[in-house]
Each structure stands twice: as C-alpha cells, then as structure tokens.
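The values are calculated or read from the model by the stated rules, or taken from the named source; none is laboratory data. The shown structure was predicted, so the numbers you read here are calculated from the model rather than taken from an experiment. Positions of Cβ are backbone-derived with ideal geometry, glycine not excepted, and every protein chain shown enters the neighbour counts.
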Amino acid sequence: MRLTHDEVLPYGWPAAPRTARCHLRVFEGSGQLPVVIIGQLEDSEGPSVVNAIEFIAGIVRARFFEDGREFMVFDYWPKGATVGLPDDPEHYTLVELQATGPRFHDPSWPQRWTREEMEELVGQELPSYIEGRYKAL
C-alpha cells in the first residue's frame, strides 16, 4: 500500500463542524481495502476522535471515497494517551461503523492492533509518536 494522504483534518459536531482537529492518514493499494488511521492530536479542542468518529468517517468518505469504496478505519493511540492509563502501550483500534446512506452510526472498537500488525497491513513502517509531541502546531 502507499500513503496517499497525511494531513491534519478539521472536524466537529454538525452544529460546530470545524472545532477540532485530528491526524489523518490514508493508505491505498491496488486490489486492497483502503486503510484510514485517525489520531487524536493532543492540542485539539472540541470533541474527541472517539466521540466524533462517525462524523470523521463521513468527512473521509466524502473527501476520499465518493466512489462508494469501503475502507477500514483505525483509531491511533500513542503510548500513554489512554485517559487514566499512563502506561498503556501505543496501539491502533479497529473501528467498525454501520452505514445508512451517507451517514455512519453505532461505532464499536472490537480489536486492538500493535504498530507491528499495522505495519504489516499497510506494508510500510509507521512513525511512533511521543506523548506531549503529538500536536497539530
């Protein structure tokens, strides 16, 4: 797979659509389901990635997958980023979403993946971000 997008994506709630920012990476490969990795930036204000994952997935679909292709979504967590668990290791969590028309709903996070597992999936090394330095600015 190759990295096709690596950017800071503004998002939010429908009433305040650009109040937060996340780190967005999109990987695509011929004949493979695209992989989208969404990371909660430490300096982002507004709703968390976890609380707004349906809205973020909708933005991703509208911007990158208007053709209707399905894609895998992962939530990225740097080491120590899990609230209340400072020793929690770096990980990626698969996000499963239901879709009705253009909208996503009913998210679930059924499975954690290690960086090594993600690197195998996308076929390349992924950077490891350090707590306190995973910021947009």
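Identify, by number, the condition in (1) out of contact with any Leu (no Cβ under 9 Å at 6 or more places or on another chain); (2) of a type outside the set (D, E, K, R); (3) touching a residue at least 40 places away in the same chain (Cβ under 8 Å); (4) assigned to a strand (DSSP E or B) that Pro10 doesn't meet. Pro10 satisfies all of (1) out of contact with any Leu (no Cβ under 9 Å at 6 or more places or on another chain); (2) of a type outside the set (D, E, K, R); (3) touching a residue at least 40 places away in the same chain (Cβ under 8 Å); (4) assigned to a strand (DSSP E or B) except (3). A single member of Leu24, Leu33, Leu9 is aliphatic (A, V, I, L, M), surrounded by fewer than 18 Cβ atoms within 10 Å (Cβ to Cβ) and at pLDDT 90 or above, and it is Leu33.
Of Tyr92, Tyr129, Tyr76, all but one fail to be modelled with pLDDT under 80, touching a strand residue (DSSP E or B) at 6+ places or on another chain (Cβ under 8 Å), surrounded by 11 or more Cβ atoms within 10 Å (Cβ to Cβ) and not aliphatic (A, V, I, L, M); the exception is Tyr129.
For region 52-73, a tally of residues being at pLDDT below 90 and either of a type in the set (Lys, Arg) or part of a helix (DSSP H, G or I) (or both) returns 0.
Would you say Pro110 is loosely packed, with under 13 Cβ neighbours inside 10 Å and either modelled with pLDDT of 90 or more or in contact with a Ser or Thr (Cβ under 7 Å, 6 or more places away or on another chain) (or both)? When the stated conditions are applied, Pro110 passes them.
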